[in-house]
1. Hey, can you tell me all the residues within segment 1-22 that are in a loop (DSSP other than H, G, I, E, B) and modelled with pLDDT of 85 or more?
2. Being surrounded by 10 or more Cβ atoms within 10 Å (Cβ to Cβ), part of a loop (DSSP other than H, G, I, E, B) and touching a residue at least 12 places away in the same chain (Cβ under 8 Å) is the filter here; which residues of segment 48-63 pass it?
3. Quick test for you: out of S11, S81, pick the one residue that is open to solvent by 30 Å² or more (accessible area, probe 1.4 Å) and of a type in the set (S, T, N, Q).
4. Residues of segment 28-47 being charged (D, E, K, R) and surrounded by 12 or more Cβ atoms within 10 Å (Cβ to Cβ), which ones?
5. Restricting attention to segment 64-79, does a residue exist that is under 17 Å from the mean Cα position of the chain (by Cα) and assigned to a loop (DSSP other than H, G, I, E, B)?
6. Residues W25, W17: which one is aromatic (F, W, Y), more than 17 Å from D83 (Cα to Cα), within 17 Å of the chain's Cα centre (by Cα) and open to solvent by 80 Å² or more (accessible area, probe 1.4 Å)?
7. Would you mind finding the one in R30, R41, R16 that is closer than 16 Å to Y79 by Cα, charged (D, E, K, R) and out of contact with any helix residue (DSSP H, G or I) (no Cβ under 6 Å at 6 or more places or on another chain)?
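The values are calculated or read from the model by the stated rules, or taken from the named source; none is laboratory data. All values derive from a computational prediction rather than experimental measurement. With ideal geometry, Cβ positions are generated from the backbone for all residues, glycine too; neighbour counts draw on all protein chains shown. Just the protein is used for accessible areas: all its heavy atoms, side chains included, with ligands, DNA and RNA removed. Shrake-Rupley method; radii C 1.70, N 1.55, O 1.52, S 1.80 Å.
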Amino acid sequence: MSELSYYIKESKGSKRWLLFLEGGWYCFNRQTCDSRYETMRRLMSSTMWPQTRTGTGILSPQPEENPHWWNANMVFIPYCSSDVWSGVTPKTDH
C-alpha cells in the first residue's frame, strides 16, 4: 500500500502555483502488476522515494532552464498507485 506523498518548493512572495501530477500508466492483472513491481517499484510504492528531489524542466528552479515558472510555488505529486481513475460520472448509453 502506498502513502500519499508529495514534494513542495515554496517561493516566498509568489502567488503563482504549479501542481504537477506525474503520469505512470497502470497494471491490470497479477502478472502485469508483479512485473511492474519488479521493474518499476517507484510507480507502486513511495517507500523508497528520496526525502528531497531537485526539479528539472518545468519544475526547475533555474530561470535558464525554466524561464516561465522558475519562481512559482511548485508541488510535484509522484505517481504511485498503478490503478486507473478516469472520472466519477456513472455509465450511460451515450
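1. Residues of segment 1-22 in a loop (DSSP other than H, G, I, E, B): 1-6, 10-16, 22.
Within segment 1-22, Y6, E10, S11, K12, G13, S14, K15, R16, E22 qualify.
2. The first filter runs over segment 48-63 and keeps only residues surrounded by 10 or more Cβ atoms within 10 Å (Cβ to Cβ), leaving 49, 53-56, 58-63.
Within this subset, residues satisfying the condition of being part of a loop (DSSP other than H, G, I, E, B) are 49, 53-56, 60-63.
Of everything in segment 48-63, those that are surrounded by 10 or more Cβ atoms within 10 Å (Cβ to Cβ), part of a loop (DSSP other than H, G, I, E, B) and touching a residue at least 12 places away in the same chain (Cβ under 8 Å) turn out to be W49, R53, G55, P61.
3. Numbers: S11 fails: open to solvent by 30 Å² or more (accessible area, probe 1.4 Å).
From the options S11, S81, the qualifying one is S81.
4. At the first step, the residues of segment 28-47 found to be charged (D, E, K, R) are 30, 34, 36, 38, 41-42.
Selection gives R36, R41, R42.
5. At the first step, the residues of segment 64-79 found to be under 17 Å from the mean Cα position of the chain (by Cα) are 73-79.
Adding the requirement that they be assigned to a loop (DSSP other than H, G, I, E, B) leaves 78-79.
Within segment 64-79, one or more residues are under 17 Å from the mean Cα position of the chain (by Cα) and assigned to a loop (DSSP other than H, G, I, E, B).
6. Working: W25 fails: more than 17 Å from D83 (Cα to Cα).
Step by step, each of W25, W17 is checked, and only W17 is aromatic (F, W, Y), more than 17 Å from D83 (Cα to Cα), within 17 Å of the chain's Cα centre (by Cα) and open to solvent by 80 Å² or more (accessible area, probe 1.4 Å).
7. Details: R30 fails: closer than 16 Å to Y79 by Cα; R16 fails: closer than 16 Å to Y79 by Cα.
Result: R41 is the single residue among R30, R41, R16 that is closer than 16 Å to Y79 by Cα, charged (D, E, K, R) and out of contact with any helix residue (DSSP H, G or I) (no Cβ under 6 Å at 6 or more places or on another chain).
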